[in-house]
1. Right, Pro110: more than 12 Å from the ligand (Cβ to nearest atom), under 25 Å from Asp177 (Cα atoms), of a type outside the set (Ser, Thr, Tyr) and out of contact with any strand residue (DSSP E or B) (no Cβ under 8 Å at 6 or more places or on another chain) or not?
2. Cβ-Cβ distance below 7 Å, separation of 6 or more or different chains: which pairs start in region 1-27 with a residue that is in a strand (DSSP E or B) and end on one that is crowded, with 21+ Cβ neighbours inside 10 Å and aromatic (Phe, Trp, Tyr)?
3. Can you tell me how many residues in region 3-18 are among the β-branched types (Val, Ile, Thr), in contact with a Lys or Arg (Cβ under 7 Å, 6 or more places away or on another chain) and within 8 Å of Val63 (Cβ to Cβ)?
4. Can you pull out every residue in region 162-196 that is in contact with a helix residue (DSSP H, G or I) (Cβ under 7 Å, 6 or more places away or on another chain), under 15 Å from Pro93 (Cβ atoms) and surrounded by fewer than 20 Cβ atoms within 10 Å (Cβ to Cβ)?
5. Applying the selection to region 129-143, what residues are farther than 20 Å from Asp203 by Cβ and either polar (S, T, N, Q) or more than 14 Å from the ligand (Cβ to nearest atom) (or both)?
6. Return yes or no: is Ala73 closer than 30 Å to Pro189 by Cβ and either without any contact (Cβ under 8 Å) to a residue 12 or more places away in the chain or hydrophobic (A, V, I, L, M, F, W, C) (or both)?
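No lab work stands behind these numbers, since they all come straight from the coordinates. Bear in mind the structure is a predicted one, so any value in this text is a computation, not a measurement. Ideal geometry is used to build each Cβ from the backbone, glycine not excepted, and the neighbour counts take in all protein chains shown.
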Amino acid sequence: MKVGVLGTGEVGRVLSEGFLRKGHEVMRGTRDPAKLKEWRHAAGHRARVGSFAEAAAYGAIVVLAVKGAAAEAVIGACGSALDGKVVIDTTNPIAEAPPTAGVLSFFTGPNDSLLERLQRKAPGAQLVKAFSCVGSALMVDPKLKGGRPTMFICGDETAARQHVADLLDTFGWDVEDLGAAAAARAIEPLCMLWCIPGFLRSDWAHAFKLLRP
Ligand SMILES: NC(=O)c1ccc[n+]([C@@H]2O[C@H](COP(=O)([O-])OP(=O)(O)OC[C@H]3O[C@@H](n4cnc5c(N)ncnc54)[C@H](OP(=O)(O)O)[C@@H]3O)[C@@H](O)[C@H]2O)c1
């Protein structure tokens, strides 16, 4: 499968390399393709680099992995290239302010989410929130005591969520499908919870697991 990965941060790198390892083809998108020249050479012949719009057009599926505050602008820069495509939204609406007692601030409120804003910005795309509540180091094939961790996903299109759930299975995750986009109001703040042990104790090696009887 051809995957467009929008983002040159750690999430973009880890997920691009994960998709490549699992046999997919990847084009990473950025404002400045020159800065990924070395990565492209190291990543091999199934890796490409382009603009955000070129990577969006390339992918049969697209991963959005940019700074939360820039996400609406990046979606806008992709224009109609995202129409009809599943877009895996990894972003979190983290505000510029430093954490308070280890707790991040968001630029969204409790009855709002970045996913919903992005879905309104790109009504032809099928956004699915995923990978937002775990650190990049654990996104692909996490090895943790207690078995597979749980990835919480949501988005308005049922078939798109199923597609992402199938991909997450190949990336080593159990999936909890929380339904429509509004569930992102609950999923995105899990990023705040996930980060607190990190900011307080430099403990970043954990992931959530949903347990049932
Ligand atoms: N880091 C993690 O472990 C982690 C875990 C879960 C979720 N997330 C979320 O995943 C997303 C990516 O995180 P990250 O740490 O990999 O990278 P990041 O540093 O948050 O974002 C880097 C990307 O954002 C783009 N960007 C920044 N400012 C921009 C602007 N003004 N206009 C257009 N693009 C802009 C950059 O574009 P250029 O390439 O053009 O410079 C780059 O591709 C974030 O929303 C983050 O909250 C991160």
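1. yes
2. Filtered contacts from region 1-27: Val3/Phe19; Leu6/Phe52; Val26/Phe19.
3. Qualifying residue count, region 3-18: 1.
4. Ala182
5. Within region 129-143, just Asp141 meets the criteria.
6. yes
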